[in-house]
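I have placed the structure first, in the form of structure tokens, so that the comments after it can refer back to it.
The values are calculated or read from the model by the stated rules, or taken from the named source; none is laboratory data. Worth saying up front: this structure is predicted, and the values here are computed from it rather than measured. Virtual Cβ from ideal backbone geometry, glycine too; neighbours counted across all protein chains shown. SASA here: full protein model, heavy atoms, side chains in, ligands and nucleic acids out. Shrake-Rupley method; radii C 1.70, N 1.55, O 1.52, S 1.80 Å.
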Amino acid sequence: MGRLEGKRAIVTGGGGNIGSTTSKLLATEGAKVLVADVVGPAAEACAEDIRRAGGVAVAYELDLAEEASIVGMMDTVQAEFGGLDILYNNAAATLIARVDDGGIEDMDLDIWNTTMAVNLTGAMIASKLAIPLMKASGGGSIVNTLSGGASSGTPRQSAYLVSKAGLLQLTRAIATQHGRDGIRCNAVGPGFTVSPDPNRQGAAKFADQLMKRNLIGRLGQPEDIANAVRFLVSDEASFITGQVLIVDGGASAHGGDVAPGPT
Ligand SMILES: NC(=O)c1ccc[n+]([C@@H]2O[C@H](COP(=O)([O-])OP(=O)(O)OC[C@H]3O[C@@H](n4cnc5c(N)ncnc54)[C@H](O)[C@@H]3O)[C@@H](O)[C@H]2O)c1
């Protein structure tokens, strides 16, 4: 018996690096997974991998910037799985964040608005629509995705990090308003996480610098985030709500640019 046997889950951005790894891990724990992504073939590839490994998964082509698309995702999970227990709001407009999102003085309004629509408003609408389904299931668990960098100022990625800071407050609002419905809401805060896709590895050039900040002495892997999400959505975390689990090798736990060497 897996830890999530019988649970029905949605993973947004499930075609991406952390999303596909987490979708597969939740499926190995017994969850049925709706893998949702704006890149339909990527969602389908992940769902197919899960099915080939003996799990249950369906793909859904989702655009978080479109409310009707999110409504369609909830209709699909209801039709395919008969309800919803887990929502992992993982998707983000990461390519925009890595390529075009800079400082406030030069901020392009389209970049700002798209970032907020996908990362923040999309997660809010998905949560809003998930809550009645979770109430009907007797409870559920929502996990939002922040960023290790969302708690301090940076010279770039202004829109991205503002959207992530907004997700922190969304997490607390849902946790506060729905604890008595049996619905928990937490957030995971990845630090830099290695991706096999060079197009999505925007921070690779900072890898040496990031290695120096980490207290653990290695870079983060998507499995590190997936393991944290698995814990947060499981019954083992049943007394944890409104919290953030930062998974960054301790990079944000100290003030120095460089972690102390071995003692
Ligand atoms: N990788 C890192 O270093 C890192 C660090 C901190 C936080 N994060 C966060 O972790 C999450 C996953 O990141 P990742 O590294 O796997 O990136 P990724 O780019 O591989 O995955 C993001 C996924 O979201 C999807 N997406 C983008 N726009 C969408 C839309 N409009 N509707 C639906 N899906 C959409 C993309 O197609 C992609 O598959 C993101 O929220 C990201 O901000 C990642």
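Could you give the accessible area per residue of the chain, probe 1.4 Å, as a whole number in Å²?
On the way: 12400 Å² over 263 residues.
Accessible surface, normalised per residue, equals 47 Å².
Excluding residues fewer than 8 places away in the same chain, name every one of the aspartates and glutamates whose C-alpha is closer than 19 Å to that of LYS128.
LYS128 reaches ASP37, ASP63, GLU66, GLU67, ASP75, ASP85, ASP181.
Which whole DSSP H helices in the chain pass both tests: a Cα extent of 15 Å or more along the axis and a mean Kyte-Doolittle value no lower than 0.0? Please report the intermediate quantities before stating the final value.
Working: long enough: 17-28 (17 Å, 0.20); 40-52 (18 Å, -0.56); 67-81 (21 Å, 0.48); 122-136 (22 Å, 1.13); 158-178 (30 Å, 0.37); 222-233 (17 Å, 0.54).
Helices meeting the span and hydropathy rule in the chain are 17-28, 67-81, 122-136, 158-178, 222-233.
Give the lysines reachable from LYS212 as a straight Cα distance under 29 Å; neighbours fewer than 8 places away on the same chain don't count.
Hits, sequence-local ones excluded: LYS164.
So what does the Cα-only Debye profile of the stretch 108-263 read at q = 0.14, 0.17 Å⁻¹, as log10 I(q)/I(0), no solvent term?
So the normalised log intensities are -0.77, -1.07.
For ALA31, list long-range residues whose amide hydrogen, built 1.01 Å from N in the peptide plane, is under 5 Å from its own amide hydrogen.
So ALA31 has HN proximity to LEU4.
With a bin width of 5 angstrom, please list the P(r) values of the stretch 87-173 as percents of all Cα-Cα pairs, from the 0 bin to the one holding the largest distance.
3, 15, 25, 22, 15, 9, 6, 3, 2, 0
For the chain, with a Gaussian network of springs between Cα atoms less than 10 Å apart, report the residue from ASP101, ASP235, ASP85 with the top mean-square fluctuation.
Residue with maximal mean-square fluctuation among ASP101, ASP235, ASP85: ASP235.
Past the 14 angstrom mark, what percentage of all C-alpha to C-alpha distances in the stretch 218-258 do you count?
Working: 464 of 820 pairs.
Cα-Cα pairs of the stretch 218-258 separated by over 14 Å account for 57 percent.
By accessible area of protein heavy atoms, probe 1.4 Å, what ranking do ARG213, ARG180, ARG3 get, highest first?
On the way: ARG213 65, ARG180 240, ARG3 105 Å².
Largest accessible area first, the residues go ARG180, ARG3, ARG213.
Explain nothing, just the number: dipole magnitude of the chain about its Cα centre with +1 on each Lys and Arg Cβ and -1 on each Asp and Glu Cβ, in debye rounded to the nearest 20. Mind showing how you got there, number by number?
Numbers: 21 positive and 28 negative charges, 166 e Å.
Charge dipole, the chain, about its Cα centre: 800 debye, nearest 20.
Roughly speaking, to the nearest percent, how much of the chain's 1.4 Å accessible area is carbon and sulfur?
Details: 6640 of 12400 Å².
Carbon and sulfur: 54 percent of the exposed surface of the chain.
In square nanometres, what is the average projected area of the Cα convex hull of the chain? Each step should come with its number before you reach the end.
On the way: hull surface 56.8 nm².
Quarter of the Cα hull surface area: 14.2 nm².
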